[in-house]
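Notes for the one structure printed next.
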């Protein structure tokens, strides 16, 4: 905030006039240097004097001599103009058309199914030499790999599924909830599973990321219930194949269900009331804020999520 409302009336030209008068000592020379009239220079000086409540420059036979206050202001005004120029120039923008680049990320299957295909298509359509290597997400966010630069980005679930690291930046990408999927020939009678009917069914559990716990069984434990998991799958697609021709059910993120559990083979209904949803988040090392390529890649991920209407 400004210390005085008088300062609101100043503009960039006034500050340029101040520097030019300080360095050249002549209103005539300043008007020629800045390609403005002498009356414009005089008007800027009047505004400067009013705003800073000081004469700033005294007209003498030897030219315009700065006052003590003008001398103390000179370095600060220089920095203001330098900062404005830096803001205008901005940091160097990463140009993926100029060089091949590889991004190493850690992400769950959810990311690979919903976001990565669109991301790669965008790169292909733009003829960008971009390679994306995906490592499977584990229980803990690989913070050390982010800090060392071995990983560029981590995509993980939230909120609070992983231990927080204060030096890592986090941005939420989307929100989703869970639905129950079944072979259409074994559809439940009700439009949504009650807690009792949910735990009465046998379940196939997809593990698209490595973890000892999961949101469904954690929630059931808090309700003093437990489900019967008869098989664990490494992917959503494999889990769907396992329930085909059975009365087993698999609980999937709604966006994955819409993508993979296609009609007429599969049906779906709402999960028991109270089963929490989740968020998808991306995390990166604080030092990557200065990495133009890393910043560009994160922007592309956000854009893909925006196209899906999830931001």
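Residues being at pLDDT below 90, outside the structural domain of residue 254 (by TED's automatic domain parsing), closer than 30 Å to residue 173 by Cβ and surrounded by 14 or more Cβ atoms within 10 Å (Cβ to Cβ) are represented in segment 89-99 by at least one member.
Out of 84, 105, report the one residue that is at pLDDT 95 or above and within 35 Å of the chain's Cα centre (by Cα). First the steps, then the outcome.
Working: 84 fails: at pLDDT 95 or above.
Sole residue among the options that is at pLDDT 95 or above and within 35 Å of the chain's Cα centre (by Cα): 105.
Listed by position, the strands (runs of 3 or more DSSP E) enclosed by segment 124-184 that each have at least 1 residues that are exposed (fewer than 14 other Cβ atoms within 10 Å of the Cβ) and in contact (Cβ under 8 Å) with a residue 24 or more places away in the chain are 130-136, 168-176.
Could you list all residues from segment 31-56 that are in a helix (DSSP H, G or I) and under 11 Å from residue 13 (Cβ atoms)?
Start the filter on segment 31-56 by keeping residues that are in a helix (DSSP H, G or I), which leaves 31-34, 38-52.
Across segment 31-56, the qualifying residues are 34, 40, 41, 43, 44, 47, 48.
The residues in segment 46-76 that are buried (at least 18 other Cβ atoms within 10 Å of the Cβ) and either in contact with a strand residue (DSSP E or B) (Cβ under 7 Å, 6 or more places away or on another chain) or at positive phi (or both) can be counted, and the count is 5.
Taking the options 86, 116, 81, name whichever one is out of contact with any strand residue (DSSP E or B) (no Cβ under 7 Å at 6 or more places or on another chain) and surrounded by 12 or more Cβ atoms within 10 Å (Cβ to Cβ).
Numbers: 86 fails: surrounded by 12 or more Cβ atoms within 10 Å (Cβ to Cβ); 116 fails: out of contact with any strand residue (DSSP E or B) (no Cβ under 7 Å at 6 or more places or on another chain).
Just a single option satisfies the conditions, and that option is 81.
Quick check: anything in segment 66-83 in a strand (DSSP E or B) and more than 30 Å from residue 151 (Cβ to Cβ)? Yes; the residues of segment 66-83 include at least one that is in a strand (DSSP E or B) and more than 30 Å from residue 151 (Cβ to Cβ).
Would you mind telling me which numbered condition in (1) touching a residue at least 12 places away in the same chain (Cβ under 8 Å); (2) assigned to a strand (DSSP E or B) residue 112 fails? That leaves (2) as the condition not met. Scanning segment 256-308 for residues that are part of a loop (DSSP other than H, G, I, E, B) and over 30 Å from residue 187 (Cα atoms) turns up just one, 291.
The values are calculated or read from the model by the stated rules, or taken from the named source; none is laboratory data. Because the structure is a prediction, the values reported are computed rather than measured. So basically every Cβ, Gly included, is an ideal-geometry build from the backbone, and we count neighbours across all protein chains shown.
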